[in-house]
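The next block holds one structure in the form of structure tokens; read it before the comments.
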Amino acid sequence: MMKPFLSIKNLTVSLKSSKEPLLRSVSLDLAAGNVLGLVGESGAGKSMIGKAILGILPQAVEITAGEIWLNDQELLRKPAKERRKFIGASTALIPQDPLTALNPSRRIGPQITERLVDILDWKKDAALARALELLNEVQIPDPERVMHSYPHEISGGMRQRILIASAFAANPKLIIADEPTTALDVTVQKQILHLIADLQARHQTSLLFVTHDLGVVSKVCQHLSVLYAGKVIEASEIRDFFKNPKHPYSRALLAATPKYNDPASSLTPVPEEVIAEVEAEIFAPRTECSHVN
Amino acid sequence: MREHRKKTKQRLGIRLWLSGGWLLVLIAIALLAPWISPKNPLEQDLFAARLPPFWMAGAEPGFWLGTDSLGRDVLSRILEGSRIALLVAFIAGTATCLIGATLGMIAGFYRGWADRIISRFVDIWMAFPPVLFAILLVAVIGTGLTSIIIAIVVIDWTRFCRVVRAEAMTQGQMDYVASAQVAGQKRFGIMIAEILPNVIPTIVALLTLEMGIAIIVETILSFVNLSISSDAPTWGGMIAEGRTSIYQAWWVLIFPLIVLFLTVLSFSQFGEGLKDRYDPVLR
Amino acid sequence: MSIDCPVYQVQNLHLSLADMTQKSFFGSAPQINILKDISFDIMKGEVLGIVGGSGSGKSTLGRTMIRLLEPSQGRIFFEGQDITHLPEENLRPLRHRFQMIFQDPMSSLNPRRKVGRIIEGPLKLHGFDRISERMAEALDLVGLPRSFQGRYPHELSGGQRQRVGIARAIATRPDFILADEIVSGLDVSSQAQVLNLLADLVRELGLTLAFISHDLAVIRRLCSRVLVLKHGQIVELSTTERLFEAPSSDYTRELLNAIPLPDPDQIWATN
């Protein structure tokens, strides 16, 4: 395997007050230009990984151990200011909720360009031209009018396109997409996922894709890591995983996922024994998790 | 997770105990004032005017916190003043709350024409400068405890009305209201059984805050000589008097001010503390 | 189970609401038509799926059926009785016979009430006897321990909360239940549990159900017939099998093709 662009080593994130870990020694690698899916149920800590990379963890938690390597630089040992600058220049986020991610009282245009101008010292004209180019690229009709619109004047799918454009604006090397289509209709979700995949391939961006939906993962990712209670319990290549999931919990999760073409093998709840097994493995770790490749 | 919550809860408990303790002491003082006051709060003694508090040179034994310009004992007057302060706080606060919250609930839950009438009324009401309004009112209906209380209610009911209306409106859009309707609950029943328990925490916080504010309004009115008669000791009256002799006898101003400050603070903290302690929904 | 008696008959239903965002200062707001000429029946013991994207009017249709909203035109019959414009006081005695389970259990369970009292609510209103017994039975039926009656909703997980919502709906043993997107906020495992539970209850209690969802994939588990809505109009109404094997409308096909199956080999190109 080629040298990973993003490499997380034994990252542990805990609650400050009770020291309860939310991420337990998470390790993962993402090669340049690849897409890695992070899958898990709510509370598994999948969003926490993206937040740790971006340095936007909530106040109540802290990183207690581990390393985050991005493009051969270790993030956590950098001074805060330098780290922010480095992350700001090389990564971007596509958030879950397109409604709250845009400031409702400001026009769209400046919300896309200001990051380029303020943080990356672009010229205003250049930033404006780039924004228009990107809005074209995400297939927004009449981008000039949209630049002058307020968020409430456009539809949810359009807003998500704008956030995608905004994420790709500064040519980031890494994009973290945090459940970017959860709030959307299936038909819109399909368009948006195609759009993200196209842009990712064209710009050769590395993409960390956080989702709870195994169907979505199978469409956009090359690798995936399955999380349970803050622990990576399986990391696989995508076809391997769907052909032959190794961990019993992964198998159970796949069996619980609805498949309209195969009702017999869908919507089976994760059995109690499997939960007990995976919890025993995590909370009393005797050996390293054997299912990780 | 749970333990962490419990810990914050305990820390907030201290706030409740401190503020509640002060208010309890104050209530006890108000009830027992005639018996525990070291001196007669109304007795003047011009030869003992402007005596300093006990630790300063020139203090007289028995006048713990000194005397004012007419030789009246500051401590006794503060103790006696707590009666009116608490009366004003409880009666005016509760009356304001009842009127404002009821109208706010009706406007926020029933919406429609009831809301339009009440809200317009509130808008118009709030366009008057409140203190000026109170002064005018007291000037018309005369001074005395009753008029102070009426003045406070008249000034402040709109605050309750607006906040409770907004809260009832938010709660009214929740699905549990639709669910109660599906279950066959009557509109009025929904308001009382479903909405009210969810608005109560807000009302309680506002109510205790209002009790503090009522004391402050009484002080302000005293300042412009429109409170109870100037003989009856009120904290506001004492502060107003103390202002005139601040350079010669700062204690006449400072001690009632400290008590006033602690009391108003305790009221608001008590409300917040109650909410944290007894609201089943942890925010 | 008798198939001949329709629990619901909906005939040429229209619903329009005033669009307050377009309201001019003087004069009335323009009307938007949310439901257009909708007709269908629901038979006893049937589970009807109502599917559509956001803005298709599926939730509005559901809320009109149980008369949380009043239609502008058309007729709704519940067990043969015309309830289209029945005033609330005449509806009230009927209300325990059609119940609803809501999308967001956090919002539909009163946060300052304990689970037991939430489930007892409808029972008390309709003067049922043995209230606490029925409440406990309802908890048993949805597979929650009886000790949960002393808990507040925020002390439960998402799946458990949705079970409380179901328990409240079945406590009065209604003839009809409307389930509005009840699994869309849940993890796949809880989603599967809730759907299985509902399927069991339909069988055991002989419930008639309208199941609203944006997700065709979960419809297949539960429903015998499916109604597809688009912009407030029915574009397809057929048996579940027919719908999945040979969808007749383009929109249904588009919806089906958009579902990402957990299979990297699925052909999932944009049309």
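FYI, it's all coordinate maths here, none of it is from the lab. These figures come from a predicted structure and were not determined experimentally. Because the Cβ atoms are built from the backbone with ideal geometry, glycine has one as well, and the counts that use them run over all protein chains shown.
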Checklist entry - Do the sum for chain B: with -39,500 (n - 2.57) for every DSSP H run of n ≥ 4, divided by all residues, what is the mean residue ellipticity at 222 nm, to the nearest 500 deg cm²/dmol? => result -24000 deg cm²/dmol
Next on the checklist: Using only DSSP helix segments of four residues or longer, with each worth -39500 (n - 2.57), what per-residue ellipticity at 222 nm results for chain A after dividing by its residue count and rounding to 500?
Outcome noted: -11500 deg cm²/dmol
Checklist outcome for this item: Scoring only Lys, Arg, Asp and Glu (+1, +1, -1, -1) among other residues with Cβ under 14 Å from the Cβ of C:I101 yields 0
Checklist entry - If one takes the longest principal axis of the Cα atoms in chain A, at what angle in degrees, from 0 to 90 and to the nearest 10, does the Cα axis of helix A:108-118 lie? => result 80 degrees
Item to check | B:W55 versus B:R243: modelled label distance in nm, points set 7 Å from Cα along the beta carbon direction | outcome: 2.8 nm
Checklist outcome for this item: A correct fewest-to-most ranking of A:Y150, B:Y110, B:Y176 by other Cβ atoms within 10 Å would be A:Y150, B:Y110, B:Y176
Item to check | region A:257-269 - phi-based ³J(HN,Hα) in whole Hz, Karplus 6.51/-1.76/1.60, Gly and Pro as x | outcome: 5, x, 10, 5, 7, 9, x, 5, 9, 10, 6, 9, x
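Using a 10 Å cut-off around each Cβ of peptide C:253-261, what is the average number of partner chain Cβ atoms that fall inside?
6
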Checklist outcome for this item: Counted neighbours (other Cβ, 10 Å), sorted fewest up, put A:I275, A:I175 in the order A:I275, A:I175
Next on the checklist: With 10 angstrom as the radius, rank C:Y251, C:Y152 by how many other C-beta atoms surround their C-beta, starting from the fewest.
Outcome noted: C:Y152, C:Y251
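Past the 27 Å Cα-Cα mark, which pairs from B:K186/C:K44; A:K16/A:K231; A:K190/A:K259?
As for pairs spanning more than 27 Å Cα to Cα, those are B:K186/C:K44.
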Next on the checklist: Taking the square root of 5 times each eigenvalue of the Cα gyration tensor, what semi-axes in Å does the equivalent ellipsoid of the protein assembly as shown have, largest first?
Outcome noted: 57, 37, 28
Checklist entry - Which cross-chain or sequence-distant (5 or more) residues have an amide H under 5 Å from the amide H of C:S39, H modelled 1.01 Å from N in plane? => result C:N12, C:L13
Checklist entry - If you look at just the Cα atoms of chain C, how large are its Rg and its Dmax in Å? => result 19.3, 58
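Tally Lys and Arg at +1 and Asp and Glu at -1 over the other residues with C-beta under 15 Å from the C-beta of C:F148: what net charge comes out?
Values: positive: C:R113, C:K114, C:R117, C:R146, C:R151, C:R161, C:R163, C:R168; negative: C:E120, C:E137, C:D140, C:E155.
Result for the local shell: +4.
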Item to check | Relative contact order (%) - chain B, alpha-carbon pairs under 8 angstrom, separation at least six | outcome: 24 percent
Checklist entry - What average count of beta carbons from other chains do you get within 10 Å of the Cβ of residues in A:184-194? => result 5
Checklist outcome for this item: In the protein assembly as shown the DSSP beta bridges are antiparallel at a rate, in percent to nearest 5, of 55 percent
Item to check | Average beta carbon contacts from partner chains per residue of C:220-226, 10 Å cutoff | outcome: 2
Checklist entry - To the nearest 20 debye, what charge dipole does chain B have about its Cα centre, counting +1 at the Cβ of each Lys and Arg and -1 at the Cβ of each Asp and Glu? => result 1100 debye
Next on the checklist: Along the charge dipole of region A:4-283, pointing to its positive end and built from +1/-1 on Cβ of Lys, Arg, Asp and Glu, which listed residue (A:V226, A:L214, A:T91) has its Cα farthest out?
Outcome noted: A:T91
Item to check | Cβ-based charge dipole, region B:22-155, positive-most Cα from B:T67, B:S37, B:L23 | outcome: B:L23
Checklist outcome for this item: At the level of C-alpha centres, the distance separating region B:159-201 and region A:1-74, in angstrom, is 43 Å
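Rounding to the nearest 20 debye, state how big the charge dipole of region A:4-283 is about its Cα centre with +1 on each Lys and Arg Cβ and -1 on each Asp and Glu Cβ.
Computed charge dipole of region A:4-283: roughly 700 debye.
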Checklist entry - Using a ≥ b ≥ c from the Cα gyration tensor of region C:183-271 (square roots of the eigenvalues), is it rounded, prolate or oblate, where a/c under 1.5 gives rounded and otherwise the larger of a/b and b/c decides, a/b for prolate? => result oblate
Item to check | Normalised contact order of chain C, rounded percent, pairs of Cα under 8 Å and 6 or more residues apart | outcome: 24 percent
Checklist entry - If you line up the long axis of helix B:196-223 against the longest principal axis of chain B, both from Cα atoms, how many degrees apart are they, to the nearest 10? => result 30 degrees
Checklist entry - By how many degrees, 0 to 90 and rounded to 10, does the Cα axis of helix A:186-203 deviate from the longest principal axis of chain A? => result 80 degrees
Checklist outcome for this item: Checked against the positive end of the charge dipole of the protein assembly as shown (+1 on Cβ of Lys and Arg, -1 on Cβ of Asp and Glu, about the Cα centre), the farthest of A:I192, B:G236, B:W157 is B:G236
Item to check | Computed magnitude of the charge dipole of chain C (debye, nearest 20; Cβ of K, R +1, Cβ of D, E -1) | outcome: 940 debye
Next on the checklist: Need one number: convex hull volume per residue for region C:145-197, Cα atoms only, in Å³.
Outcome noted: 91 Å³
Item to check | Cα pair distances of region B:32-168 binned at 10 Å [whole percent] | outcome: 12, 26, 22, 18, 13, 7, 1
